[in-house]
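Take a look at the structure below.
No lab work stands behind these numbers, since they all come straight from the coordinates. These figures come from a predicted structure and were not determined experimentally. Counting neighbours? That spans all protein chains shown, and the Cβs are built from the backbone with ideal geometry, glycine included.
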Amino acid sequence: MILKISREDLEKIFKHAIECFPTECCGILAGKRLKEGNVVEKVYPTRNLLESSFEYQLDPEEQVRIFKDAETHGLEVIGFYHSHTISDTYWSRVDDERSKLWPGYVFLVVSPKSGNFRAYFRGENGTIEIQVKFL
């Protein structure tokens, strides 16, 4: 499994993380699911309802709007992103618990502090780190 993303979209996510700091940023990734991996074609920054520096929650109404917008553009939601403001981009216990609701989706974690990023895929039996490649 691979996550493909353009450098511009990754920069957009880091910019969102920096703008939200010290609060964790969050957002939605839309694109295509292909045999060779998921391809990000559109990034949707969202608001963190928790306004917390160690966890996030997307606005459910905003989520529905984004899912509809992605579908209108011939895309599907393939995953989510958020930032870690205190720690680096490891997969946390909180991340793991929240991802259980989204099997088959990817999760991109960025750290504005270190500049690192990592992607994870949530399968039925757990979460694995996946490779990120640039378009």
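Tabulated data for the structure shown
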{"quantity": "Residue 59-residue 7 FRET efficiency (beta carbon distance; Förster radius 30 Å; 0.05 resolution)", "calculated": "0.60"}
{"quantity": "Rg over Rh [alpha-carbon atoms, Kirkwood Rh] for the chain", "calculated": "0.92"}
{"quantity": "Summed side-chain charge close to residue 9 - residues other than residue 9 whose Cβ falls under 15 Å, Lys, Arg +1, Asp, Glu -1", "calculated": "+4"}
{"quantity": "Those Cys residues of the chain for which no other cysteine Cβ falls under 4.7 Å", "calculated": "26"}
{"quantity": "Separation in nanometres of the label points that stand 7 Å from Cα toward Cβ, at residue 69 and residue 47", "calculated": "1.4 nm"}
{"quantity": "For residue 114, net neighbour charge (Lys/Arg +1, Asp/Glu -1) across residues whose Cβ lies under 15 Å away", "calculated": "0"}
{"quantity": "Neighbourhood charge, 13 Å Cβ-Cβ cut-off, centred on residue 101 and excluding it, Lys, Arg +1 and Asp, Glu -1", "calculated": "-1"}
{"quantity": "In the range 2-40, trypsin sites (Lys or Arg not before Pro) in a DSSP loop with at most 11 other beta-carbon atoms within 10 Å", "calculated": "35"}
{"quantity": "From the C-alpha gyration tensor of the range 58-135, square roots of 5λ in Å", "calculated": "22, 15, 14"}
{"quantity": "Qualifying chymotrypsin sites (Phe, Trp or Tyr not before Pro) for the range 30-135 [loop in DSSP, other Cβ within 10 Å: at most 13]", "calculated": "90"}
{"quantity": "Reachable aspartates and glutamates, given that their alpha-carbon falls under 16 Å from the alpha-carbon of residue 12 and they are not under 8 places away in the same chain", "calculated": "24, 41"}
